[in-house]
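Take a look at the structure below.
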Amino acid sequence: MIIAAAEPHDVTKLLAFREEAAAWLRGLGSDQWSRPYPADRLLATIEAGTVFMLRDGHTTAGTITLTPEAEAGLWTKDELTEPSMFVNKLTVARAYAGQGLGGRLLDWAGDRACRAGAQWLRLDAWTTNEALQRYYLACGFTHVRTVREGGAVNGGPRVSGWLAQREAQFADHGFADRAPAPERLRFAA
C-alpha cells in the first residue's frame, strides 16, 4: 500500500469516508461525526498539505490528517512549547477494518512527526467514545486529560476533548511513503 498527500480531487472521497464512518459509529450508538464536515474546510487542509491518503492500488483504504497546528483550547501554553504534531480524522474504510491499518497509520504519523523534529504525536478523541479511547491507549498513547469546556457550539461542552499523546519515533509502518518529506517544525521554547 502507498501513502501519499491528498489532492483536491480527493475531497469527494474523503467526505464519503466520513459519512461511512459516521454511519458505522451510529450503529455502535455513537454520535461522533454526526454533523457533515464542510467541504471547503476539508479542501483547505488538503491544500495545506496535511491530509494523506492510504491507497491499495486504485482503492483508498484509509486517510489521516497530520498537522503541526493544535486545535485552539485543548493544549496548555506549556504543552504547546513542546514540538508536537497532531493527528486528526484518522479513518479506515470499512472494507479494510480489522487489518491493523489504523495502528500502522499512527506509526506512520509518529515516524513523520519524528522526522519533522517533534517530540510528541498528539490527538484529541471524542469524549464519549470510550472504545476509541481504549483503542488509542492500546496503540501506545497515554491519556493526558479530558477537556470538556469551551465547545464551539454556543459555549456548550466540547465533544472532542479526550487528549492523548505518545512519543514521536521512527517506525517501520510498512507503507510505501510517497508523501513529500515533512518540513522541520518551528516552535517557541
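Quick one: dipole size for the chain, taken about the Cα centre, charges +1 on Lys/Arg Cβ and -1 on Asp/Glu Cβ, in debye to the nearest 20. Please report the intermediate quantities before stating the final value.
On the way: 21 positive and 22 negative charges, 40 e Å.
Result for the chain is approximately 200 debye, rounded to the nearest 20.
Classify segment 2-173 as rounded, prolate or oblate, taking a ≥ b ≥ c as the square roots of the eigenvalues of its Cα gyration tensor: rounded when a/c is under 1.5, otherwise prolate if a/b is larger than b/c and oblate if not.
Values: a/c = 1.35, a/b = 1.09, b/c = 1.24.
Note, shape of segment 2-173 comes out rounded.
Using θ = phi - 60° and the Karplus relation 6.51 cos²θ - 1.76 cosθ + 1.60, list the HN-Hα couplings for segment 56-64 in order, rounded to whole Hz, with x at every Gly or Pro.
After applying 6.51 cos²θ - 1.76 cosθ + 1.60, I find 10, x, 8, 9, 8, 8, x, 8, 8 Hz.
Which residue, 86, 131, 74, has the largest displacement toward the positive end of the dipole of segment 4-136 when charges sit on each Cβ (Lys, Arg +1; Asp, Glu -1)?
Working it through, the farthest residue towards the positive pole turns out to be 131.
Throughout, read-outs are computed from the coordinates displayed, never taken from laboratory work. On a predicted model such as this, the values are computed, not experimentally measured, just so you know. Using ideal geometry, Cβ is built from the backbone for each residue, glycine included, and neighbour counts are taken over all protein chains shown.
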